[in-house]
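For reference, the structure is listed below as structure tokens.
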């Protein structure tokens, strides 16, 4: 992947392409009006995930970090959880 002059800091690693394709796909589903249950169907029990999200966010909010750092930590935590949950589910 060649660097895009409009976004010089954007990674050119193949993982970025994969992540971007997934995000674009999820955004499209949301734009088409699909809700949480429809997007997450067969992926995980919604009540379990919502409880986990609430608990992780509550803990993150106890931090003295900046808002940006907290959001980045939550995003990383969610990505790691998803990755390891998928491996556990195999």
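Any read-out appearing in this document is the output of simple, stated calculations on the displayed coordinates, not a laboratory observation. Everything numeric in this text was worked out from a predicted model, so none of it was measured. Positions of Cβ are backbone-derived with ideal geometry, glycine not excepted, and every protein chain shown enters the neighbour counts.
In table form, for the structure just shown:
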item	result
Ranked list, fewest to most other Cβ atoms within 10 Å of each Cβ, for 45, 77, 9	9, 45, 77
Net lengthening on full extension, residue 47/residue 30 (0.36 nm per residue, minus Cα-Cα)	4.1 nm
Debye intensity ratio I(q)/I(0), log10, region 43-90, q values 0.16, 0.25, 0.29, 0.31 Å⁻¹ (C-alpha model)	-0.49, -0.95, -1.10, -1.16
Cβ-based exposure ranking for 39, 74, in which fewest neighbours within 10 Å come first	39, 74
Tensor-based shape of the chain (alpha-carbon gyration tensor, a/c under 1.5 rounded, otherwise prolate or oblate)	oblate
Of 36, 16, 79, the one that fluctuates the most in a GNM where the chain has Cα springs shorter than 10 Å	16
Residue order, fewest to most surrounding Cβ atoms within 10 angstrom, among 44, 71	71, 44
Gain in span if fully extended, residue 81 to residue 22, counting 0.36 nm per residue against the direct Cα distance	19.6 nm
